[in-house]
Amino acid sequence: MSTSDPVNNLQTLIRCPSVTPAEGGALSALEAMLLPLGFKVERMVATEPGMPDIENLYARLGNKGPHLMFAGHTDVVPPGDEASWSHLPFAAEIAGGELFGRGAVDMKGGIACFAAAVARHIEKHGMPKGSISFLITGDEEGPAVNGTEKLLKWAVERGERWDACLVGEPTNPDALGDMIKIGRRGSVSGKVSILGVQGHAAYPHLADNPVRGLLPLASALMDPPFDMGTDNFPPSNLEVTSVDVGNPATNVIPARASFAFNIRFNDTWTADTVKAEILRRLDAAAAGSPFRPGRDPVRYEITWAERPSHVFLTRNNALIASLSEAVENVTGRTPQLSTTGGTSDARFIKDYCPVVEFGLVGQTMHMVDERVALADLEILTQIYGTFISRWFDNALLP
Ligand SMILES: [Zn+2]
């Protein structure tokens, strides 16, 4: 079997139990698919104190520009209770026209199809008119500390530069051709602690109940809306995700109360300006709390979660058009250009080159019986193949 068969590629990859942080043989299997095509394959092990070492892979075909990168991950989430699967999660069995297994859609399937698309491109057109590389991590489903971010830096230090990137995450909600992701919202999390004075519930004038401060501060973050949305993004949204007082006694006013929050923000904001707006709202609510007549402003502390995700929007029309036209050409459907959903490793790649995301249908990702239609693997391979041809044609236009 050759690399040009996406079903065979995917079965091989699924049979490698690469639950984060284990490599599980998945990168070696991919290496074995890429070497016969002429790729130069390198394996990069990333380390971080207190965390497991992670194997990553970088492979490049060609040595001139323009340079197209395909990015993704071979690690998968745990299968959960194997007995509830209709086919064992790492057996890669085919039944009823579907291929079952952990990672089938998220996202060994995307990798299997892109490798097949490159193999077919070479069979049909010869070597690409520039370079194609695979940037594949084993740490996307885990903490993502030893993954794409470090692999990008490692590659850049060795002189690698890219003109565009396609991430093969599952982006389609219901059917192939639904949706291309051209950006992602940013994400910031934090925890606010309100500092009170402990006391007897029957003598509140001697105490200072932090719950009276918590309520207006939490409300001020949830309302009014941060914005009404932009041309390419839905409205920013903040959710209070936890409220913690930890007080078992009904006759005691606690000393401290806290709440946690997460905001998904659009391109109205940056991580810094959205943090400033959060502080402004907290200060205003603290100064004017109606729950504390005659009292000093609410005293609070805020701690921000490490590493905010930055918002981004890809504006490279040639990249978006190449992919969009490829989807239309193969499926007859016009994909929606979207910025919805959670964050992905595209948030790291966008600092190096324009990036878009398109892959399989995401319905069964992370679930028991994760599976993909064999027909979809063939269609996605054709879309990727058409995209590769069009992208190089566009990139080489004078
Ligand atoms: Zn994924």
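Put +1 on the Cβ of each Lys and Arg and -1 on the Cβ of each Asp and Glu in the chain; which of Leu217, Met365, Gly159 then has its Cα farthest toward the positive end of the dipole? Sorting the options by dipole projection puts first Leu217. First check a/c for the stretch 1-150, with a ≥ b ≥ c the square roots of the eigenvalues of its C-alpha gyration tensor; if it is under 1.5, answer rounded, and if not, answer prolate when a/b is larger than b/c or oblate otherwise. Here the stretch 1-150 falls in the oblate category. Entry comment: accessible area of the chain is 42 Å² per residue, from protein heavy atoms only and a probe of 1.4 Å.
Below 8 Å, C-alpha to C-alpha, sequence gap of six or more: please give me the relative contact order for the stretch 1-115 in percent. Numbers along the way, then the final one.
Working: 161 pairs, mean separation 38.1, N = 115.
Once normalised by length, the contact order is 33 percent.
Report relative contact order for the chain in percent, whole number only (criteria: Cα-Cα under 8 Å, sequence separation at least 6).
Normalised by residue count, the contact order of the chain is 24 percent.
For the chain, the longest principal axis of the alpha carbon atoms and the long axis of helix 374-395 meet at an angle near 90°. Shape of the stretch 1-68 from its Cα gyration tensor (a ≥ b ≥ c, root eigenvalues): rounded if a/c is under 1.5, otherwise prolate when a/b > b/c, or oblate? Verdict is oblate for the stretch 1-68. Surface composition of the chain: carbon plus sulfur atoms contribute 53% of the solvent-accessible area (1.4 Å probe, protein chains only, all chains present). Relative contact order of the stretch 107-187: 26 percent, from C-alpha pairs under 8 Å at least 6 residues apart in sequence.
Rounded, prolate or oblate for the stretch 75-196? Axes are the square roots of the Cα gyration tensor eigenvalues, ordered a ≥ b ≥ c, and the cut-off for rounded is a/c under 1.5.
Details: a/c = 1.94, a/b = 1.12, b/c = 1.73.
Since a/c reaches 1.5 but b/c is at least a/b, the shape of the stretch 75-196 is classed as oblate.
Remark: the chain carries a charge dipole of roughly 920 debye about the Cα centre, counting +1 on each Lys and Arg Cβ and -1 on each Asp and Glu Cβ. Estimated from the Cβ-Cβ distance and a Förster radius of 22 angstrom, the FRET efficiency linking Val156 and Asp272 is about 0.35. Which one, Ala286, Ile14, Ile132, is farthest towards the positive end of the dipole of the chain when Lys and Arg carry +1 and Asp and Glu -1 on their Cβ? So the residue furthest toward the plus end is Ala286.
Determine, from the Cβ-Cβ distance of Asp283 and Thr250 and an R0 of 22 Å, the FRET efficiency 1/(1 + (r/R0)^6), rounded to the nearest 0.05.
Working: r = 32 Å, r/R0 = 1.44.
The computed FRET efficiency comes out at 0.10.
Counting lysine pairs in the chain whose alpha carbons fall under 19 angstrom apart, excluding pairs fewer than 8 residues apart on the same chain, gives 9.
What FRET efficiency do you get for Ile94 and Leu337 if R0 is 30 Å and r is their Cβ-Cβ distance, rounded to the nearest 0.05? Intermediate results must be reported in sequence, preceding the final value.
Numbers: r = 33 Å, r/R0 = 1.11.
The formula returns an efficiency of 0.35 here.
The values are calculated or read from the model by the stated rules, or taken from the named source; none is laboratory data. Since the model is a prediction, treat every value here as computed from it, not as a measurement. Neighbour counts are summed over all protein chains in view; Cβ atoms, including those assigned to glycine, are modelled from backbone coordinates with ideal geometry. Heavy atoms of the whole protein, side chains included, go into the accessibility calculation; ligands, DNA and RNA do not. Shrake-Rupley method; radii C 1.70, N 1.55, O 1.52, S 1.80 Å.
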